[in-house]
Amino acid sequence: MRKIVVTVLALLLFIIPVTAEEYLAPTAPERAQKYMPSDTESFADGLWFVIKSAIKEFNPNLAEAAKLCIKLLAIIILVSILKNFTGISRQVVNLVCTLCVATTLIQSTNTMINLGTQTVTETSEYGKILLPVMTAALAAQGGSTSSATLYTGTAFFNALLSTGITKLIVPMVYINMVLCIANSAVGNDMLNNLCKFIKWLMTWSLKIILYVFTGYLSITSVITGTTDAAVLKATKLTVSGVVPVVGNIVSDASETIIVSAKIVKNAAGIYGLLAIAAIWIGPFLRIGVQYLLLKLLAGICEMFGSKETTSLIKDFSGIMGILVAMIGTICLLFLVSIICFLKGVT
Amino acid sequence: MGAISGYILTVICIAIVSAIVTRICGNNQAVGNIIKLITAVAMTITIIAPFLSISVDGLSNYMHTIEMDANGIISRAQEQAENDLQAIITEKVETYIINKAATYDAEISVSVEISASDSLIPDTITIEGEVSPYIKEILVKIIEDDLGIPEDRQIWK
């Protein structure tokens, strides 16, 4: 049975005339390799494998995040007990509580910010290598206008997003973190408003980039896809009408090239989609769990902790939310783009 | 990295100074409002300063580079596809002529050349083999009618 499968696969390789090596998707980065399935023919099976592998790896991370929350809970309980002692100033207790919570959270938040930044860079770098492969495969399939538009749009928005995230949003996340701690310690309205403004700016920057990119792809893929399809149809009609036999030979040969390019493009696209998902899923689960646990902790703190401490924990969970949005946006950018490449000439 | 940390430090310093100044002048309603306005303007300018320094020329140059890259990738892919297409057409035309000759019990070898034009129609063919004048005449006619290659572009050896 195995011999038959190997023989059939070898025969298939001979059937595909398009130089397949030219259109092979680049190998997923090392960190994402452990989540990648060995067989990437079926997208649904591959995605299921990526999710299963990520969940298996996820258990130790959950324990780590839970440990952090227990530490924070202990600090808050201790501080709320201290508050009952009449000799200690309420402001001093709040300040100490803020500093303790901030010190506990800063290290893990910094780790998560670094993880988020690394994920964005990895996704962007992988996308930069995958894009030419998809562009070439789509162009070989007869979608030269579509591939040019898709490549230009995705490369531009990828550069904009990755540079924006690493050069502006990540520094803003740090500024937001410092301002949130200062606001919790001092309780100043202006700092509070500034924190809200920075958070709003970061969220909307990501949203606007994604909205504009999706809009650009939706409009251009409809227009260019139709143009390419019309050009292909016209070429086929012209060629098959030249001389009966040679016209048919040329028409059949171009059909073979188009079909084989489509097969190779689909294989590269599915591998690319799975690789992007594999890069994204690990950090998403780690940061996402931290985000949910901090939200839960903020809810518990509201029952017996101070207003300032609860607000600080909420702010830190907000930072985690921004990090999730950050990696989600760049991942979505490539997923949408690859799907448009796969859709190709309609 | 130095520029980023400088930017962060500037924003934090302005925020802290603004908070202190607002706190000190907060008791006086009239002065407090003006101070709040000034600090808000200072904060906004500090935060958006990096955006203002973005050069439009740099952006248009970058767009041009991306377009050039896209055109390069596409032309290479098209060239590759055209080469593959030429190889398939050459093979099929050669097989067609050999099969036609075989029906007349003639053994020949064929070499097809495709012109560089976009049509991908065979340009010249070279036929080698021992063929009688009668069969040669039939094959010349078949090649002319079916493949569109006139006699003057058929090289018989």
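For the residues A:I257, A:I276, A:I300, A:I281, the requirement of being within 14 Å of chain B (Cβ to nearest Cβ) and either under 31 Å from the mean Cα position of the chain (by Cα) or not small (G, A, S) (or both) singles out A:I257. Evaluate segment A:116-133: report whether one residue or more is charged (D, E, K, R) and touching a helix residue (DSSP H, G or I) at 6+ places or on another chain (Cβ under 6 Å). Yes; the residues of segment A:116-133 include at least one that is charged (D, E, K, R) and touching a helix residue (DSSP H, G or I) at 6+ places or on another chain (Cβ under 6 Å). Residue pairs whose Cβ atoms lie under 8 Å apart, sitting 6 or more positions apart in sequence or on different chains, and linking a residue in segment A:30-55 that is of a type in the set (D, E) to a partner that is open to solvent by less than 100 Å² (accessible area, probe 1.4 Å), are A:D39/A:G46; A:E41/A:A267; A:E41/A:I270; A:D45/A:P37; A:D45/A:D39. Number of residues in segment B:142-157 that are farther than 13 Å from B:Y96 by Cβ and touching a residue at least 24 places away in the same chain (Cβ under 8 Å) equals 5.
Only one residue in A:L206, A:L191, A:L237, A:L160 is open to solvent by 30 Å² or more (accessible area, probe 1.4 Å) and touching a residue at least 12 places away in the same chain (Cβ under 8 Å). Which one?
Within the list A:L206, A:L191, A:L237, A:L160, the selection yields A:L160.
Of all the residues in segment A:93-142, those that are farther than 30 Å from A:V289 by Cβ and buried (at least 24 other Cβ atoms within 10 Å of the Cβ) number 10.
Only residues that are open to solvent by less than 40 Å² (accessible area, probe 1.4 Å) and in contact with a Ser or Thr (Cβ under 7 Å, 6 or more places away or on another chain) were counted in segment B:126-153, giving 2.
Taking the numbered list (1) assigned to a helix (DSSP H, G or I); (2) more than 7 Å from chain A (Cβ to nearest Cβ); (3) more than 24 Å from A:S144 (Cβ to Cβ) in turn, B:K92 passes all entries but (2). Scanning segment A:259-290 for residues that are buried (at least 21 other Cβ atoms within 10 Å of the Cβ), among the hydrophobic types (A, V, I, L, M, F, W, C) and farther than 30 Å from A:V324 by Cβ yields A:A261, A:V264. So which residues in segment A:196-230 are within 14 Å of chain B (Cβ to nearest Cβ), within 18 Å of the chain's Cα centre (by Cα) and within 30 Å of A:E255 (Cβ to Cβ)? The answer is none; no residue qualifies.
One residue stands out among those in segment A:167-182 that are at the interface with chain B (Cβ under 9 Å from one of its Cβ atoms) and not hydrophobic (A, V, I, L, M, F, W, C): the one that is least open to solvent (accessible area, probe 1.4 Å), which is A:P171. Restricting A:V92, A:V96 to those that are assigned to a helix (DSSP H, G or I), of a type in the set (V, I, T), at pLDDT below 85 and in contact with a helix residue (DSSP H, G or I) (Cβ under 8 Å, 6 or more places away or on another chain) reduces the list to A:V96.
Taking residues in segment A:209-234 that are farther than 30 Å from A:L168 by Cα, and partners anywhere that are surrounded by fewer than 18 Cβ atoms within 10 Å (Cβ to Cβ), the pairs with Cβ atoms closer than 6 Å and at least 6 places apart or on different chains are A:G225/A:T346; A:A229/A:T346. Taking the criterion of being over 30 Å from A:K343 (Cβ atoms) and either modelled with pLDDT under 90 or touching a Cys at 6+ places or on another chain (Cβ under 9 Å) (or both), the residues of segment A:107-135 that qualify are A:Q107, A:S108.
Quick one: would you say B:D105 is more than 9 Å from chain A (Cβ to nearest Cβ) and in a loop (DSSP other than H, G, I, E, B)? Against the criterion (more than 9 Å from chain A (Cβ to nearest Cβ) and in a loop (DSSP other than H, G, I, E, B)), B:D105 qualifies.
Considering (1) open to solvent by less than 30 Å² (accessible area, probe 1.4 Å); (2) in contact (Cβ under 8 Å) with a residue 24 or more places away in the chain; (3) under 30 Å from B:D145 (Cβ atoms), the lone condition that A:V246 does not fulfil carries the number (2). Within segment A:58-81, is even one residue open to solvent by less than 70 Å² (accessible area, probe 1.4 Å), without any contact (Cβ under 8 Å) to a residue 12 or more places away in the chain and more than 27 Å from A:L161 (Cβ to Cβ)? Checked segment A:58-81: at least one residue is open to solvent by less than 70 Å² (accessible area, probe 1.4 Å), without any contact (Cβ under 8 Å) to a residue 12 or more places away in the chain and more than 27 Å from A:L161 (Cβ to Cβ). Annotation note: of A:T224, A:T220, the sole residue that is out of contact with any Phe, Trp or Tyr (no Cβ under 9 Å at 6 or more places or on another chain), polar (S, T, N, Q) and open to solvent by 20 Å² or more (accessible area, probe 1.4 Å) is A:T220. So, A:V345, is that one modelled with pLDDT under 90, outside any helix (DSSP H, G or I) and buried (at least 17 other Cβ atoms within 10 Å of the Cβ) or not? Yes.
Contact annotation: residue pairs with Cβ atoms under 7 Å, 6 or more positions apart or on different chains, pairing a residue in segment B:15-44 that is under 15 Å from A:L191 (Cα atoms) and away from chain A (no Cβ under 11 Å) with a partner that is in a helix (DSSP H, G or I) and open to solvent by less than 70 Å² (accessible area, probe 1.4 Å), are B:A42/B:I14; B:A42/B:S18. With respect to (1) in a helix (DSSP H, G or I); (2) modelled with pLDDT under 85, the lone exception for B:S119 is condition (1).
The values are calculated or read from the model by the stated rules, or taken from the named source; none is laboratory data. Note that this is a predicted model, so its numbers are computed, not measured. In this analysis, Cβ positions are derived from the backbone assuming ideal geometry, glycine residues included, and neighbour counts consider all displayed protein chains. The accessibility values were calculated without ligands, DNA or RNA, using every heavy atom of the protein model including side chains. Shrake-Rupley method; radii C 1.70, N 1.55, O 1.52, S 1.80 Å.
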